[in-house]
Amino acid sequence: MIAAATIDARPRAAAVTNRPLLTADLAAVAANTRDLAAHAPGAALMAVVKADGFGHGAVDVARTALAAGATRLGVTSVDEALALRAAGIAAPILSWLNPVDADFGAAVAAGIDLAVASRPHLEAVAAAGAGPARVHLHLDTGMARDGAPPAEWAQLCGAARLAEQRGQLRVDGVMGHLACADVPADRANATGRTRFAWGVEVARSSGLRPAHRHLAATAATLTDPRTHHTLVRIGAGLFGIDPSRTVRLRPALTLTAPLVGVRRVRAGTPVGYGHAWTAPAATHLGLLPLGYADGLPRAASGRAEVLVRGRRRRLVGLLSMDQAVVDLGDDAVAPGEVATLFGPGDDGEPTAAEWAAWAGTIEHEIVTGIGPRVARESVAVLRSVR
Ligand SMILES: *Cc1c(COP(=O)(O)O)cnc(C)c1O
């Protein structure tokens, strides 16, 4: 449920009409943050703002989520964490995936918490030498990706305890991650929960006292309170993506672009590379100045639609690197009018979820994939109250 938050400011007209523009609705991020926090009332909320805040702008999203109830931030790399500090964000930040020779000294000096999943990483963090590092030990709870293999866990915990006693670090957390949380009934979730509980026990019997124990990301937070422990790590949900498809969150991103040209073509006119589409009847074709280099997946060619002048219209032919062609039919839409490629769906525009379906991928890949040529702005435009 989204609380009342009605701010009617629309993006400024000039900014919308003269270039491709990605608009992040921070009021939606705030509403989603409160919504997710309400699903895990006993746990703290870490806002995961990796990958430039899933393409929404890491600094703006971080500030918004912290103001809406998140108390910590999560990112992958030390560089992402340092960029948040450089922007003046003082909240605890956890960085969980780094090469063994990352600049852990700079991270510790900046008060960044570091997830550690191997002995070499533990040694590198312990040797960073900028005062005791705050560490979260990361156990593989069933992904065979990052996270320490269970067979190495007891040794890792023992080595971490020794480093604590030497004053090199403090183990502040234990973390795991679930592979199949978007399918709550999947047996891998029970296995992951059990393995995580075992990992916490091993840590405790090694003498560690991790205050933070965290396993759940968005899907598990929404579907399984047994995964909440002391802290939930929320990425996708902040941006209106619910991988478990059990709640309705508010999409926060809108992509628009102006028509740079409109032409009338005769029946039988082939369009774009490979002449993959031929106009079956006379029509108007509009040209949009963005393509797969800007994050429109080429795999969506032939299926994708955009909203122009209040109506859904098909993108025709193959999506190019820099251009897309929209079939406007009989409407003589003028160059300069704005197409909405995706948004929350309020006005009938496609959503990122629809783009994902057209391209055979997930929303995460759509929202994180918008390219650097697209201008960005943040606004607070949450209009509908549910
Ligand atoms: C990205 C990530 C998250 C956030 O997951 P969502 O499903 O986007 O909420 C949490 N934990 C780890 C380790 C991650 O890499």
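The values are calculated or read from the model by the stated rules, or taken from the named source; none is laboratory data. Computed from a predicted structure; not experimentally measured. Cβ sites come from the backbone with ideal geometry, for glycine too, and all protein chains shown count toward neighbours. For the accessible areas, the whole protein counts, side chains as well, though only heavy atoms, and no ligand, DNA or RNA atoms are used. Shrake-Rupley method; radii C 1.70, N 1.55, O 1.52, S 1.80 Å.
Structural remarks
- THR230 long-range amide H proximity, modeled H, under 5 Å: ARG213
- Cα long-axis angle, helix 150-165 against the chain (0 to 90 degrees, to the nearest 10): 60
- Accessible area of the chain belonging to carbon and sulfur atoms, whole % at 1.4 Å probe: 54
- The chain: antiparallel DSSP beta bridges as a percent of all, rounded to 5: 45
- Karplus 3J(HN,Hα) series, Hz, for segment 209-225 with 6.51 cos²θ - 1.76 cosθ + 1.60 (x for Gly, Pro): 10, x, 6, 10, 10, 9, 10, 8, 9, 4, 4, 5, 4, 7, 10, 8, x
- The H on the amide N of THR76, modeled in the peptide plane, is under 5 Å from the matching H of LYS50, ALA51, TRP96, each at least 5 residues off or on a different chain.
- Accessible area per residue for segment 26-239 is 38 Å², calculated with a 1.4 Å probe on protein heavy atoms, without ligands, DNA or RNA.
- Per-residue ellipticity at 222 nm from helix content only, as computed over the chain with -39500 (n - 2.57) for each DSSP H run of at least four residues, stands at -8500 deg cm²/dmol.
- Relative contact order of segment 253-361: 32 percent, from C-alpha pairs under 8 Å at least 6 residues apart in sequence.
- Built amide H within the under 5 Å cut-off of THR351, gap 5+: GLY343
- Summing Cβ point charges (Lys, Arg +1; Asp, Glu -1) relative to the Cα centre of the chain gives a dipole of roughly 400 debye.
- Measuring nothing but how far apart in sequence close Cα pairs (under 8 Å, 6+ apart) lie, relative to its length, the chain scores a relative contact order of 20 percent.
- Note on surface exposure: ARG170, ARG245, ARG213 rank ARG245, ARG170, ARG213 by accessible area, highest first, 1.4 Å probe.
- HN-Hα J in Hz across segment 192-197 - Karplus 6.51, -1.76, 1.60, θ = phi - 60°, x for Gly and Pro: x, 5, 5, 5, 5, 4
- Positive-pole candidate from GLY235, GLY302, TYR292, dipole of segment 228-308, charges at beta carbon: GLY302
- C-alpha center-to-center spacing [segment 307-359, segment 67-89] in angstrom: 34
- Heavy-atom SASA rank of ARG226, ARG161 (probe 1.4 Å, accessible area, largest first): ARG226, ARG161
- Backbone HN-Hα couplings from phi across segment 330-345 [Karplus 6.51/-1.76/1.60, Hz, Gly and Pro as x]: 7, 7, 7, 5, 8, x, x, 5, 9, 9, 9, 7, 7, x, x, x
- Cβ-placed point charges (K, R +1; D, E -1), dipole of segment 253-361 about Cα centre in debye, nearest 20: 380
- Angle of helix 26-39 to the longest C-alpha principal axis of the chain, folded into 0 to 90 degrees and rounded to 10: 40°.
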